[in-house]
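The values are calculated or read from the model by the stated rules, or taken from the named source; none is laboratory data. All values reported here derive from a predicted model rather than from experimental measurement. A quick note on method: Cβ atoms are made from the backbone with ideal geometry, for glycine too, and the neighbour counts reach across all protein chains shown.
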Amino acid sequence: MTHVWPNKTVFLDFFGDNAAQIWEEGLTDLYQKVPYDGLWLDMNEATAFCNGECPSYGEPSAKTVVNKTEEFVSTMRFLAVDDDSNSSAFTNHSWYLSADNQTDESTYFLPFVPYAKWMLDNMTMSLNATHPTNGFREFDVHSLFGLIESKTTRAYLTSNGSSPLNRTFVLSRSTAPGSGQYAAHWLGDNHRTWDDMKWSISGVMNFNMFGIPMVGPDTCGFFSESRADEEELCARWIQIATFYPFARQHKDKYGGGENTEPWHFTGDNKNWAVDAIFDRYQWIRHMYTCLFEASKSGTTCFDPLMFHYPDDDNVFENYEHTFLVGDALKISPKLEAGNDAYMSYFPVGRWVSMQDFSDVVEVKDTDGQKG
């Protein structure tokens with residue numbers, strides 16, 4: 001039990017025997033109120049707005065952090081058990097007891113501080129929480145929460161759901177190896193900066209390698225930086241989003257800044273954004289084909305040039321500046337402000353402009369070509 005957007009929030013133990021049934025009842029009730037075709041699973045790392053159990057809901061008071069030699073030590077919370085000598089004997093479902101410090105008996109005891117700013121249970125459930133059905137401790141299975149939730153959600157939507165004959169869509173912020181067969185993913189909260197836009201390219205590449213090809217960032221950034229060139233930046237970002245496997249806009253209600261929908265733009269910025277959206281519909285079948293192949297063979301759909309030209313040393317530099325989509329389309333986005341010309345590297349091969357099919361770049365030298 002913790003605190004998230006709806007205030008008081010309970011995270012289901014998806015390892016539990018009855019969790020799927022409870023989840024299905026909730027999703028069925030939701031569908032009866034708001035018919036849906038897919039579901040968006042957020043905050044499922046799991047993330048909360050307090051550390052461990054939230055004291056405002058009657059659980060033990062918040063942990064304190066004290067200095068002990070050179071190590072940060074937290075007051076940790078344990079699930080109460082009927083028989084302290086046998087943690088698998090948990091039956092009473094009472095809330096957490098407190099331990100004065102970290103010891104070898106604590107699943108959260110570490111001989112080092114893994115991150116200098118926050119402890120591992122910052123903004124999440126207590127890592128000493130015990131899953132009562134199987135005795136798993138949260139420290140050991142924390143990273144699997146989003147995976148098991150996605151798997152349970154997809155199973156409901158495709159077999160016992162409201163429309164089992166229809167293909168469904170599940171989007172999850174939290175993933176683990178294997179999540180790609182159950183859910184798409186977005187890269188989480190980002191900022192409206194040119195760097196964040198560039199980093200999103202490597203982020204999509206990474207998750208393709210992780211076996212989660214249906215992925216993309218919050219186009220135009222979740223948080224605004226109140227930049228003077230935000231409209232231009234967003235228009236360029238929408239151009240890149242033409243080729244993200246998963247493309248959407250999503251911004252913070254309070255810190256998201258000005259509207260980023262293309263119809264709010266003017267001049268070239270509006271034209272670039274609108275043209276990019278039309279281009280996406282032109283290439284969507286190509287992307288769809290690649291994603292289908294990825295679902296069967298595990299291939300990737302958004303690659304750095306080094307994947308296809310490993311013998312060309314030049315492709316290992318500035319790999320965000322040019323990438324391949326669906327094993328065929330070479331994309332060279334504008335990653336800096338201004339409407340000036342910029343260079344793009346072409347490895348060996350015959351390259352045709354897909355705008356008018358008139359510009360052909362044929363590179364025979366193994367050193368490639370910039371154009």
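Of all the listed residues (A228, A241, A235, A276), the sole one being hydrophobic (A, V, I, L, M, F, W, C), out of contact with any Asp or Glu (no Cβ under 6 Å at 6 or more places or on another chain) and farther than 27 Å from S353 by Cβ is A228. S358 meets all of the listed conditions (1) without any contact (Cβ under 8 Å) to a residue 40 or more places away in the chain; (2) surrounded by 17 or more Cβ atoms within 10 Å (Cβ to Cβ); (3) among the hydroxyl-bearing types (S, T, Y); (4) over 25 Å from N269 (Cα atoms) but one, namely (2).
Among the residues that make up segment 349-367, is at least one of them in a helix (DSSP H, G or I) and either closer than 24 Å to H286 by Cα or among the polar types (S, T, N, Q) (or both)? I'd like the intermediate steps shown before the answer.
Applying the first criterion (in a helix (DSSP H, G or I)) to segment 349-367 yields none.
No, segment 349-367 contains no residue that is in a helix (DSSP H, G or I) and either closer than 24 Å to H286 by Cα or among the polar types (S, T, N, Q) (or both).
For N271, the criteria (1) touching a Phe, Trp or Tyr at 6+ places or on another chain (Cβ under 9 Å); (2) at pLDDT 95 or above; (3) more than 20 Å from V170 (Cα to Cα); (4) surrounded by 14 or more Cβ atoms within 10 Å (Cβ to Cβ) hold in every case but one, which is (4). The condition (being more than 18 Å from the chain's Cα centre (by Cα) and crowded, with 23+ Cβ neighbours inside 10 Å) is satisfied by just one residue among I238, I212: I238.
The C-beta contact set for segment 185-207 (first residue hydroxyl-bearing (S, T, Y), second residue not in a strand (DSSP E or B), distance under 6 angstrom, 6+ apart or interchain) comprises T193/E225; S200/P217; S202/E320.
Scanning for something over 23 Å from A235 (Cα atoms) and not assigned by TED's automatic domain parsing to the domain that holds A184, does segment 327-336 turn up at least one residue?
Initial filter on segment 327-336 (over 23 Å from A235 (Cα atoms)): 327-328.
Within this subset, residues satisfying the condition of being not assigned by TED's automatic domain parsing to the domain that holds A184 are 327-328.
Yes, the conditions are met somewhere in segment 327-336.
Do the conditions hold for D196, that is, is it outside any helix (DSSP H, G or I) and either closer than 16 Å to A337 by Cα or touching a strand residue (DSSP E or B) at 6+ places or on another chain (Cβ under 9 Å) (or both)? Write out each step before concluding.
On the way: outside any helix (DSSP H, G or I): no; either closer than 16 Å to A337 by Cα or touching a strand residue (DSSP E or B) at 6+ places or on another chain (Cβ under 9 Å) (or both): yes.
Considered against the rule, which asks whether it is outside any helix (DSSP H, G or I) and either closer than 16 Å to A337 by Cα or touching a strand residue (DSSP E or B) at 6+ places or on another chain (Cβ under 9 Å) (or both), D196 comes out as no.
Exactly one residue among L291, L335, L305, L324 is touching an Asp or Glu at 6+ places or on another chain (Cβ under 6 Å) and either of a type outside the set (V, I, T) or closer than 21 Å to L187 by Cα (or both), and that residue is L324.
Among the residues of segment 263-294, the ones that are closer than 30 Å to G180 by Cβ and in contact (Cβ under 8 Å) with a residue 12 or more places away in the chain come to 12 in all. Every condition in (1) surrounded by fewer than 24 Cβ atoms within 10 Å (Cβ to Cβ); (2) touching a residue at least 12 places away in the same chain (Cβ under 8 Å) is met by A228 except one, and the failing one is (2).
One line per residue, one yes/no per condition, for (1) modelled with pLDDT of 95 or more; (2) of a type in the set (G, A, S); (3) not in a loop (DSSP other than H, G, I, E, B):
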{"position": "P213", "(1), (2), (3)": "yes, no, no"}
{"position": "F243", "(1), (2), (3)": "yes, no, no"}
{"position": "Y254", "(1), (2), (3)": "no, no, no"}
{"position": "W283", "(1), (2), (3)": "no, no, yes"}
{"position": "T300", "(1), (2), (3)": "yes, no, no"}
{"position": "D303", "(1), (2), (3)": "yes, no, yes"}
{"position": "P310", "(1), (2), (3)": "no, no, no"}
{"position": "N314", "(1), (2), (3)": "no, no, yes"}
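Condition first: within 23 Å of S202 (Cβ to Cβ) and in contact with a Ser or Thr (Cβ under 7 Å, 6 or more places away or on another chain). Can you find one or more residues in segment 253-271 that meet it? Among the residues of segment 253-271, not one is within 23 Å of S202 (Cβ to Cβ) and in contact with a Ser or Thr (Cβ under 7 Å, 6 or more places away or on another chain), which makes the answer no.
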